[in-house]
1. Does at least one position in the range 188-205 carry a residue that is within 16 Å of the ligand (Cβ to nearest atom), open to solvent by 10 Å² or more (accessible area, probe 1.4 Å), modelled with pLDDT of 95 or more and under 23 Å from Ala284 (Cβ atoms)?
2. For residues that are within 14 Å of the ligand (Cβ to nearest atom) and part of a loop (DSSP other than H, G, I, E, B), scanning just the range 209-223, find the one that is surrounded by the fewest Cβ atoms within 10 Å (Cβ to Cβ).
3. Being more than 16 Å from the ligand (Cβ to nearest atom), without any contact (Cβ under 8 Å) to a residue 40 or more places away in the chain and over 28 Å from Asn94 (Cβ atoms) narrows it down to one of Lys321, Lys293, so name that one.
4. Cβ-Cβ under 6 Å, sequence separation 6+ or interchain: first residue in the range 206-219 and closer than 18 Å to Lys325 by Cβ, partner part of a loop (DSSP other than H, G, I, E, B) and within 14 Å of the ligand (Cβ to nearest atom). Which pairs?
5. Within the range 300-315, is there a residue that is assigned to a loop (DSSP other than H, G, I, E, B), within 24 Å of Asn182 (Cα to Cα), open to solvent by less than 50 Å² (accessible area, probe 1.4 Å) and not assigned by TED's automatic domain parsing to the domain that holds Lys149?
6. Filter the range 281-296 down to residues that are open to solvent by less than 10 Å² (accessible area, probe 1.4 Å) and of a type outside the set (A, V, I, L, M) and give me whichever is farthest from Ile223 (Cα to Cα).
7. Being in contact with a Phe, Trp or Tyr (Cβ under 8 Å, 6 or more places away or on another chain), open to solvent by less than 10 Å² (accessible area, probe 1.4 Å), within 28 Å of His197 (Cβ to Cβ) and in a helix (DSSP H, G or I) narrows it down to one of Tyr226, Tyr278, Tyr261, so name that one.
8. Using the structure shown, decide if Ser91 is within 20 Å of Ser307 (Cα to Cα) and either in contact with a Gly (Cβ under 9 Å, 6 or more places away or on another chain) or without any contact (Cβ under 8 Å) to a residue 24 or more places away in the chain (or both).
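The values are calculated or read from the model by the stated rules, or taken from the named source; none is laboratory data. Predicted, not measured: the structure shown is a model, and the values here were computed from it. Note that we place each Cβ from the backbone using ideal geometry, even for glycine, and neighbour counts take in every protein chain shown. Ligands, DNA and RNA are excluded from the accessible area calculation, which covers all protein heavy atoms including side chains. Shrake-Rupley method; radii C 1.70, N 1.55, O 1.52, S 1.80 Å.
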Amino acid sequence: MNKNITLGEFIIENQKHYESTSGEFSRLLSSIKLAAKVVNHKINKAGLVDIIGYSGITNIQGEDQKKLDIYANDIFISAITNREVVCGIVSEENDDFIILNGNDNSMSNKYVILLDPLDGSSNIDVNVSVGTIFSIYKRVSPVGTPVKKEDFLQKGNKQLAAGYIVYGTSTMLVLTTGNGVNGFTLNPAIGSFYLSHPDIKIPSKGNIYSVNEGNYLQFPQGIKDYIKYCQEANEDRPYTSRYIGSMVSDFHRNMIKGGIYMYPNCDINNKGKLRLLYECNPAAFIAEQAGGKATDGFQRILDIKPSEIHERSPFYCGSVKMVEKLESFILKHNT
Ligand code: P6P
């Protein structure tokens with residue numbers, strides 16, 4: 001694969017793989033590329049311009065919406081809407097799904113997109129990496145009618161594409177359209193994403209486990225046992241604990257170095273904290289495409305049938321051998 005290819009050229013070159021060759025899918029991916037550049041520019045100036053801090057609004061998650069959350073949400077929604085290729089959008093920042101103005105054009109569009117426009121935003125004020133996560137499906141309701149909730153409640157194994165942008169020391173867009181995973185790094189000098197990480201594969205085993213151990217005492221016993229396993233002397237040692245508190249950053253590190261990211265259910269989050277539709281499913285699709293694994297402890301994340309657009313799930317994802325080891329500990333307490 002040509003290493004100096006831009007994301008735009010990559011999308012065009014791979015258009016033949018995409019669901020529809022009419023170019024709509026490519027236009028949708030390029031709208032995400034544009035929005036990522038705009039948000040990246042704003043984030044890089046966050047310390048200088050008055051966009052840090054809280055907006056005074058709380059979202060459906062009960063989380064204080066930070067100014068950059070709302071800004072990122074607006075940028076992605078308008079960029080996607082302007083391309084007139086989706087009939088509906090779900091965003092972490094919006095209570096209900098968005099029916100794209102319901103005019104004839106949008107109702108004839110075939111795709112829906114689900115977004116976490118700025119994941120980990122509580123880290124903005126302390127200059128820690130944050131990210132955007134997206135997931136794309138083909139609608140299941142009839143083309144020509146307004147989008148329906150069922151269009152968003154599809155199993156993750158129906159995703160056409162998924163990706164994330166990590167606004168870190170460099171800004172990267174990592175994408176899968178079902179043919180492997182590729183990473184593109186933004187060259188800010190010219191404003192183009194270049195293929196920097198072709199065909200990413202998660203090492204089958206790593207030595208990094210990533211979990212918020214502040215909740216340890218409330219974790220299910222199998223999770224506690226796995227964490228202790230990582231800390232005890234055994235043939236798989238040494239392990240190291242890394243937790244950034246921004247899933248996209250923790251996930252991306254594990255994609256490159258290998259490792260396991262865990263967000264278990266616990267007393268304060270009895271179904272886990274991460275949202276199934278626009279955090280777990282896209283990450284699981286990407287992880288599996290890179291040779292990794294993603295589970296809720298009992299079943300493949302991508303096989304879960306969602307019932308609500310903001311529903312949460314326990315989430316364990318990363319190097320296949322590490323996820324399997326964790327599952328073996330969970331199984332011991334559930335047979
Ligand atoms: P905690 C950010 O809000 C997020 O959804 C993920 O990005 C992150 O991994 C997690 O929550 C952090 O949650 O409870 O460990 O602070």
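1. The initial filter retains those residues of the range 188-205 that are within 16 Å of the ligand (Cβ to nearest atom), namely none.
No, the range 188-205 has no match at all.
2. Asn212
3. Numbers: Lys321 fails: without any contact (Cβ under 8 Å) to a residue 40 or more places away in the chain.
Just a single option satisfies the conditions, and that option is Lys293.
4. From the range 206-219, the pairs are Gly206/Gly259; Ile208/Arg242; Ile208/Gly259; Ser210/Arg242; Ser210/Tyr243; Phe219/Pro264; Phe219/Cys266.
5. First, the residues of the range 300-315 that are assigned to a loop (DSSP other than H, G, I, E, B): 304-311, 313-314.
Next, from what is left, pick out any that are within 24 Å of Asn182 (Cα to Cα): none.
Checked the range 300-315: no residue is assigned to a loop (DSSP other than H, G, I, E, B), within 24 Å of Asn182 (Cα to Cα), open to solvent by less than 50 Å² (accessible area, probe 1.4 Å) and not assigned by TED's automatic domain parsing to the domain that holds Lys149.
6. Restricting attention to the range 281-296, the residues satisfying the condition of being open to solvent by less than 10 Å² (accessible area, probe 1.4 Å) are 281-284, 286-287, 290, 294-295.
This time we only want the ones that are of a type outside the set (A, V, I, L, M), so: 281-282, 295.
On the way: Asn281: 21, Pro282: 23, Thr295: 13 Å.
This residue is Pro282.
7. Numbers: Tyr226 fails: within 28 Å of His197 (Cβ to Cβ); Tyr261 fails: in a helix (DSSP H, G or I).
Answer to the check: Tyr278.
8. On the way: within 20 Å of Ser307 (Cα to Cα): yes; either in contact with a Gly (Cβ under 9 Å, 6 or more places away or on another chain) or without any contact (Cβ under 8 Å) to a residue 24 or more places away in the chain (or both): no.
The answer is no for Ser91.
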